[in-house]
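What follows is a short report on a single structure.
Coordinate-derived values only; no laboratory data. The structure presented is a predicted model; accordingly, all values stated were derived computationally and were not measured. We place every Cβ from the backbone using ideal geometry, glycine too, and count neighbours over all the protein chains shown.
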Amino acid sequence: MKHVKELFNKYGIELSEGQAEKFGLYYNLLTEYNEKFNITSVTEEKEVYIKHFIDSVIGIKFINKGNLIDIGSGGGFPLVPIKIMKEDLSVTAVESTGKKCEFLEVLGEKLGFKNFTVLNGRAEELSKTAAYREKFDYCTSRAVARYNTLCEYCIPFVKKGGLFIAYKGDADEEVKESENALKVLGCKIKEKYDFLLEDAKRSLIIAEKIKNTPEKYPRGHGKERKNPL
Ligand code: SAM
């Protein structure tokens, strides 16, 4: 696509030549796999750049060094755009659908990523294992569940002092109803960052982990979704 750098620039993001090239490769592979795997309903090129790539990249304002886990990565959002912008970050995708994991593996190779791991499984099972529990500086997630459910999927992965970054639309109501979930799981809201993506109202909900999560969470058996904390 022409004028990619200018488009990112409109949202305050500077792109190098190499990064612009990687977003181009990403778009091509997404289009190719979308026909087989049904990864996204957004397919028009400029729309993919704005609604997927730029939306994902906005989160880097809150991300420095360390490691990051993304829950329900699907076609790689927000994880892969973040990795393109911050190659030194060690990143892990968690995705329950095998075909999407296959796509993510191919994508990681095509983009020449190092320290890029794809886990095919459910968040609420993986966070019970010692290898992943409270091991990450950042946990991101977009379009996976309501905020109270998402808290129970994501917060167990985050280290004390780390951040849980949820990508949402208009989320005031969802955050209000999640006061108990945040408290029980050991987080407090640090900041709500609102921005406009064309005409769409978007929010990043940034929560800081202040206490360890009690071992009994996540509860499993679908309780996170059916009976949120
Ligand atoms: N995050 C991507 C995005 O913003 O485009 C994908 C969003 S898609 C609507 C939700 C994805 O989360 C699906 O690919 C689904 O398989 C995955 N997912 C849902 N619940 C999950 C769970 N508990 N653990 C792991 N993956 C999950």
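Remarks
- For the chain, the longest principal axis of the C-alpha atoms and the axis of helix 98-110 are separated by about 50°.
- Convex hull volume per residue for the stretch 1-120, taking Cα atoms only, in Å³: 92 Å³
- Relative to its residue count, the stretch 53-169 spans a Cα convex hull of 95 Å³ per residue.
- Cα-only radius of gyration and Dmax that characterise the chain, units Å: 16.8, 51
- P(r) for the stretch 1-62, from all Cα pairs and a bin width of 10 Å, is 21, 55, 22, 2 %, short bins first.
- DSSP-defined beta bridges in the chain - what % are antiparallel, rounded to 5: 45 percent
- Working note: Karplus 6.51/-1.76/1.60 with θ = phi - 60° gives the stretch 25-33 the couplings 4, 4, 4, 4, 5, 4, 5, 5, 6 Hz, where Gly and Pro are set to x.
- In terms of packing, defined here as the mean over residues of other Cβ atoms within 10 angstrom, the peptides 135-146, 87-98 line up highest first as 135-146, 87-98.
- Per residue, the Cα convex hull of the stretch 99-229 amounts to 130 Å³.
- With θ taken as phi - 60° and the Karplus curve 6.51 cos²θ - 1.76 cosθ + 1.60 applied, the whole-hertz 3J(HN,Hα) list for the stretch 188-200 is 9, 5, 9, 6, 10, 10, 9, 8, 10, 10, 6, 9, 8 Hz, x standing for glycine and proline.
- Take the Cα of residue 215, step 7 Å toward its Cβ, do the same at residue 21, and the gap between the two points is 5.1 nm.
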